[in-house]
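Asks: I am attaching a structure below and will ask some questions about it afterwards.
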Amino acid sequence: MSIDYQALSFEYRPGREQQHDADEAVVHPVIVVGAGPVGLATAIDIAQQRVPVVLVDDDCTLSTGSRAICFAKRTLDIFDRLGCGQRMVDKGVSWNVGKVFLRDDLVYTFNLLPESGHHRPAFVNLQQYYVEGYLLERARELPNLEIRWKNRVTGLQQAGAPGAGVTLTVDTPDGPYALRGRYVVAADGSRSPLRALMGLDSRGRTFKDRFLIADVKMEADFPTERWFWFDPPFHPNQSVLLHRQPDNVWRIDFQLGWDADPVLEKTPERVIPRVRALLGADAKFELQWVSVYTFSCLRMERFRHGNVLFAGDAAHGVSPFGARGANSGVQDAENLAWKLAMVVAGCAPDALLDSYATEREYAADENIRHSTHSTDFITPKSAVSRVFRDAVLTLARDHAFARQLVNSGRLSVPAVLHDSTLNTPDSDAFNGRMVPGAACCDAPLEHNGQPGWLLPQLGQQFTGLLFCGAGGIDDDTQHVLQVLKHAAVPLRFVLIVSADARDLVTTLARRMPYATVAIDSEGLAAERYNATAGTFYLLRPDQHVCARWRNIDARRIEQALDRALCMQDSTQ
């Protein structure tokens, strides 16, 4: 049965603090404010790591309209770990190919996932209300995750010491009450009430242009690709973006110009002629949702303020070109969740949360930089800029160098956290992209006699990834693994054997029942991780590389693990 997620409404229920016999001393480990994609992802991730969490939202419905629709491969990998990725892919429209047009002419075609051997596509188009709906259904399966609807935060006080706590004043249909937590995650959107309550702001650049979004339901023979027009004859001197969504709904973005009247442009009398100009006079379609927007590229100066941590649009904002908003927000959630879980469990000091701020501030700057460049190319603000842009587009038809300059929205990729203090720099020679700070790349594997993938084997704890040679592993290596298994923060182990040494699997599984043993069925895992026999990677719970060596060494691994948990001076 199909669910109309836009029509759902959720019941308000009083929290335990509102009961007459409530224990006023209760302090929740983590409170998340905002039940959008970022807040839900954060709360689920924390709860899956066995930390109780309370999620509050001032509304009782999911989003309306498509809003965020492009979810990148990295985000899909995160949704897989949260337990709802397959639903997203099954419902969504998967795509890898985009086309860029100048007027009526195709300039060039690009493929965002040109290589095979990945579980997930480059992007899935899926309306935000589906994403929120699937995340919410997953959240309801977790017994230590409590959701409170119609809970509007109207006040905030926090103790001075790190981790000492925050007291929120929460307004409800039954009146206000006090909600206390050790840490609060503010995922309450671009207009963040928590940011306003704390007297904080975001700074950056506002672009003087307006865009119309039209969700159009229709039967059409456009391929499942991203099409972007510069100066099309049906919408001259502006740009148009066309995307397919599920349910035969198409997302169309029309550039309008700064002087456009946002109220007038949303009326059917203005929207329908624009859509007909694109689709043809005889096209049959139905308008589902219309919005006119302007946008800014900005961020808060700091994402951490005491015991309150900001994530998603509450912390940073970008233009919609490049699908960097929701994707970067979900990556904020993943970065923050494991660190909060470690700190709350007493496995890491409060200082680990400072690394959330520095890492995701770096990622936000990268996204803002790409987003600003995209917007400047799409909407040139001077005659010289426009001449340059059109010259680049004309040259791009025939010259590869010019295609590198075309920017219709550089699409979202995860930031490589090169300078993170949690990384241990390479001491051995490596090639390839799996450098310390990079998000782990997927590869096909064979596990328990069945085809599978690398990323699901990595779990959501610190993981040691060991590539075995033809002789398996020696006694010294096995001893090191056993020592690390009983460390203060125990590691999960994944052992990779090559396809021509598959006979080792039974022996390794018997000697190390605590490890996952998988076959590199196509050799892509070793290739992508530039691995030789004995290569060892230390991976974070958010599946970022934090260290790698050509040979396993317990002392170096323990030092790298301490560094990744802020348990030692990062200058050592």
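The values are calculated or read from the model by the stated rules, or taken from the named source; none is laboratory data. Owing to the predicted nature of the structure, the values given are computational and were not obtained by experimental measurement. Positions of Cβ are backbone-derived with ideal geometry, glycine not excepted, and every protein chain shown enters the neighbour counts.
Asks: Which residues, counting only those in segment 219-260, are among the polar types (S, T, N, Q), over 30 Å from ASP90 (Cβ atoms) and either part of a strand (DSSP E or B) or at pLDDT 95 or above (or both)?
Replies: Hits for segment 219-260 are SER239, GLN255.
Asks: Go through segment 333-371 and give me each residue that's more than 22 Å from LEU561 (Cβ to Cβ) and free of Cβ contacts under 8 Å to residues at least 24 places away in the same chain.
Replies: ARG369 - this is the single residue of segment 333-371 that is more than 22 Å from LEU561 (Cβ to Cβ) and free of Cβ contacts under 8 Å to residues at least 24 places away in the same chain.
Asks: To continue, here is another question. Only one residue in VAL275, VAL271, VAL263, VAL216 is in a strand (DSSP E or B) and either in contact with a Phe, Trp or Tyr (Cβ under 9 Å, 6 or more places away or on another chain) or β-branched (Val, Ile, Thr) (or both), so which one is that?
Replies: VAL216
Asks: Output the number of residues of segment 400-458 satisfying the condition of being assigned to a loop (DSSP other than H, G, I, E, B), farther than 30 Å from PHE101 by Cα and out of contact with any His (no Cβ under 6 Å at 6 or more places or on another chain).
Replies: The qualifying residues number 28.
Asks: Looking for whichever is buried (at least 24 other Cβ atoms within 10 Å of the Cβ) and modelled with pLDDT under 95 here; the options are ILE31, ILE69. Which one fits?
Replies: After ruling out the rest, the residue left standing is ILE69.
Asks: Looking at ARG369, ARG410, ARG403, can you tell me which residue is surrounded by fewer than 20 Cβ atoms within 10 Å (Cβ to Cβ) and in contact with a Gly (Cβ under 7 Å, 6 or more places away or on another chain)?
Replies: ARG410
Each row is one residue, and each column tells you yes or no for (1) in a loop (DSSP other than H, G, I, E, B); (2) within 21 Å of the chain's Cα centre (by Cα); (3) under 13 Å from ASN327 (Cα atoms).
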{"residue": "THR61", "(1), (2), (3)": "yes, no, no"}
{"residue": "SER66", "(1), (2), (3)": "yes, yes, no"}
{"residue": "PHE71", "(1), (2), (3)": "no, yes, yes"}
{"residue": "ASP77", "(1), (2), (3)": "no, yes, yes"}
{"residue": "ASP80", "(1), (2), (3)": "no, yes, no"}
{"residue": "VAL89", "(1), (2), (3)": "no, yes, no"}
{"residue": "PHE101", "(1), (2), (3)": "no, no, no"}
{"residue": "TYR108", "(1), (2), (3)": "no, no, no"}
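Asks: Pairs under 9 Å by beta carbon, first residue farther than 21 Å from ALA525 by Cα and without any contact (Cβ under 8 Å) to a residue 60 or more places away in the chain in segment 419-431, partner of a type in the set (Val, Ile, Thr) and surrounded by 11 or more Cβ atoms within 10 Å (Cβ to Cβ), six or more apart or different chains?
Replies: ASP419/THR358
Asks: Could you check VAL100 against (1) crowded, with 16+ Cβ neighbours inside 10 Å; (2) on the phi > 0 side of the Ramachandran plot and say which number it fails?
Replies: Among (1) crowded, with 16+ Cβ neighbours inside 10 Å; (2) on the phi > 0 side of the Ramachandran plot, VAL100 violates only (2).
Asks: Output the number of residues of segment 495-507 satisfying the condition of being touching a helix residue (DSSP H, G or I) at 6+ places or on another chain (Cβ under 9 Å) and free of Cβ contacts under 8 Å to residues at least 40 places away in the same chain.
Replies: Adding up the residues that qualify gives 3.
Asks: Related question: Could you give me the residue pairs with C-beta distances under 6 Å whose first residue belongs to segment 472-492 and is over 20 Å from ALA518 (Cβ atoms) and modelled with pLDDT of 85 or more, whose second residue is loosely packed, with under 15 Cβ neighbours inside 10 Å and of a type in the set (Phe, Trp, Tyr) wherever it lies, and which are 6+ apart or on separate chains?
Replies: Close Cβ pairs satisfying both conditions: none exist.
Asks: Being in contact with a strand residue (DSSP E or B) (Cβ under 7 Å, 6 or more places away or on another chain), in the same structural domain as ARG50 (by TED's automatic domain parsing), crowded, with 24+ Cβ neighbours inside 10 Å and outside any loop (DSSP other than H, G, I, E, B) narrows it down to one of LEU340, LEU353, so name that one.
Replies: Selected residue: LEU340, the only one of LEU340, LEU353 that is in contact with a strand residue (DSSP E or B) (Cβ under 7 Å, 6 or more places away or on another chain), in the same structural domain as ARG50 (by TED's automatic domain parsing), crowded, with 24+ Cβ neighbours inside 10 Å and outside any loop (DSSP other than H, G, I, E, B).
Asks: Quick check on segment 324-331. Is at least one of its residues of a type in the set (A, V, I, L, M), crowded, with 24+ Cβ neighbours inside 10 Å and assigned to a strand (DSSP E or B)?
Replies: No; the residues of segment 324-331 include none that is of a type in the set (A, V, I, L, M), crowded, with 24+ Cβ neighbours inside 10 Å and assigned to a strand (DSSP E or B).
Asks: Another question, if that's okay. Kindly indicate whether any position in segment 367-378 is within 30 Å of PHE303 (Cβ to Cβ), at pLDDT below 95 and aromatic (Phe, Trp, Tyr).
Replies: Scanning segment 367-378 turns up at least one residue that is within 30 Å of PHE303 (Cβ to Cβ), at pLDDT below 95 and aromatic (Phe, Trp, Tyr).
Asks: Continuing with this model, one more query. With ALA396, ALA348, ALA323 as the choices, which residue is among the aliphatic types (A, V, I, L, M) and modelled with pLDDT of 95 or more?
Replies: It is ALA348.
Asks: Additional query: Is there a residue being modelled with pLDDT of 95 or more, crowded, with 19+ Cβ neighbours inside 10 Å and not polar (S, T, N, Q) anywhere in segment 496-503?
Replies: Yes.
Asks: Let me ask another. Which of the residues spanning segment 319-361 are touching an Asp or Glu at 6+ places or on another chain (Cβ under 7 Å) and not small (Gly, Ala, Ser)?
Replies: GLU334, ASN335, TRP338, VAL343, ARG360
Asks: Mind listing just one residue for me: the one in segment 532-572 that is more than 17 Å from ALA337 (Cα to Cα) and among the basic types (Lys, Arg) and, of those, farthest from the chain's Cα centre (by Cα)?
Replies: ARG555
Asks: How do the strands (runs of 3 or more DSSP E) wholly within segment 470-572 filter down when requiring 2 or more residues that are among the β-branched types (Val, Ile, Thr) and not assigned by TED's automatic domain parsing to the domain that holds GLY346: which remain?
Replies: 492-498, 515-520
Asks: Okay, next question. Counting only residues that are surrounded by fewer than 18 Cβ atoms within 10 Å (Cβ to Cβ) and of a type in the set (A, V, I, L, M), which one in segment 163-199 is modelled with the lowest pLDDT?
Replies: Of everything passing the filter in segment 163-199, ALA164 is modelled with the lowest pLDDT.
Asks: Among the candidates VAL51, VAL38, VAL32, single out the residue that is touching a residue at least 60 places away in the same chain (Cβ under 8 Å), in a strand (DSSP E or B) and under 25 Å from ALA326 (Cα atoms).
Replies: VAL32
Asks: Could you give me the residue pairs with C-beta distances under 8 Å whose first residue belongs to segment 511-530 and is on the phi < 0 side of the Ramachandran plot, whose second residue is of a type in the set (Asp, Glu) wherever it lies, and which are 6+ apart or on separate chains?
Replies: ALA518/GLU446; ILE519/GLU446; SER521/GLU446; ALA526/ASP520
Asks: Against the definition (under 28 Å from LEU112 (Cα atoms), β-branched (Val, Ile, Thr) and under 23 Å from the mean Cα position of the chain (by Cα)), how does VAL413 come out, yes or no?
Replies: Yes; evaluated as a whole, the condition is true for this residue.
Asks: Are there any pairs, at least 6 apart or on different chains, whose C-beta atoms fall under 6 Å, with the first in segment 277-302 and surrounded by fewer than 17 Cβ atoms within 10 Å (Cβ to Cβ) and the second at pLDDT 90 or above and of a type in the set (Lys, Arg), and if so, which?
Replies: Note: pairs meeting the criteria are GLU286/LYS217; THR294/ARG210.
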